[in-house]
Amino acid sequence: VQLQASGGGLVQAGGSLRLSCAASGSIFSLDVMSWYRQPPGKERESVASISRGGGTAYRNSVKGRFTISRDNVKNTIYLDMNSLKPEDTAVYYCKAYRSGLVYWGQGTQVTVSS
């Protein structure tokens, strides 16, 4: 499985961005797909995840602002980010999990200016 993340950029605080992660094959077989981020000088952290059944989970700091979704026809997951804050600045990565195997996409930079 190859994952291609896109959609990052520079945005002012309070703005919005939509990240996309396209998979090389069907995402229906993937157990969980997730977004992670790595802020400057910090460790990578989970942001949001979505299961094959559509169940979602979010880290507390993004609840109510970020929404993860999946399109099984387009083999793509999305992360809609609203009310962005400077502390959301990070490289964002998508991750897929299937049967004990983990796949990572390349990162996309999100920079939120104050």
- [ ] Would you mind stating whether Val1 is in a strand (DSSP E or B), open to solvent by less than 70 Å² (accessible area, probe 1.4 Å), in contact (Cβ under 8 Å) with a residue 24 or more places away in the chain and of a type outside the set (Phe, Trp, Tyr)?
- [x] no
- [ ] With the condition kept exactly as written, say whether any residue in segment 60-78 is open to solvent by 40 Å² or more (accessible area, probe 1.4 Å) and touching a Lys or Arg at 6+ places or on another chain (Cβ under 7 Å).
- [x] no
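Tell me, please, whether a residue that is within 18 Å of Val11 (Cα to Cα), assigned to a strand (DSSP E or B) and not polar (S, T, N, Q) can be found in segment 60-67.
yes
For segment 34-74, enumerate the residues that are acidic (Asp, Glu) and at pLDDT below 95. Full working, then the answer.
Kept after step one, since they are acidic (Asp, Glu), are these residues of segment 34-74: 43, 45, 71.
Residue satisfying the conditions is Asp71 alone.
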TODO: Could you please give the count of residues in segment 75-107 that are among the hydrophobic types (A, V, I, L, M, F, W, C) and assigned to a loop (DSSP other than H, G, I, E, B)?
DONE: 1
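Which residue out of Lys95, Lys42, Lys74 is among the charged types (D, E, K, R) and either in contact (Cβ under 8 Å) with a residue 60 or more places away in the chain or on the phi > 0 side of the Ramachandran plot (or both)?
Values: Lys42 fails: either in contact (Cβ under 8 Å) with a residue 60 or more places away in the chain or on the phi > 0 side of the Ramachandran plot (or both); Lys74 fails: either in contact (Cβ under 8 Å) with a residue 60 or more places away in the chain or on the phi > 0 side of the Ramachandran plot (or both).
That would be Lys95, the only listed residue that is among the charged types (D, E, K, R) and either in contact (Cβ under 8 Å) with a residue 60 or more places away in the chain or on the phi > 0 side of the Ramachandran plot (or both).
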TODO: Please indicate, with yes or no, whether at least one residue in segment 19-32 is surrounded by fewer than 16 Cβ atoms within 10 Å (Cβ to Cβ) and either acidic (Asp, Glu) or without any contact (Cβ under 8 Å) to a residue 12 or more places away in the chain (or both).
DONE: yes
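The values are calculated or read from the model by the stated rules, or taken from the named source; none is laboratory data. Every value quoted in this text rests on a predicted model; they were computed, and no experiment measured them. In this analysis, Cβ positions are derived from the backbone assuming ideal geometry, glycine residues included, and neighbour counts consider all displayed protein chains. Side chains included, ligands, DNA and RNA excluded: accessible areas come from the protein's heavy atoms. Shrake-Rupley method; radii C 1.70, N 1.55, O 1.52, S 1.80 Å.
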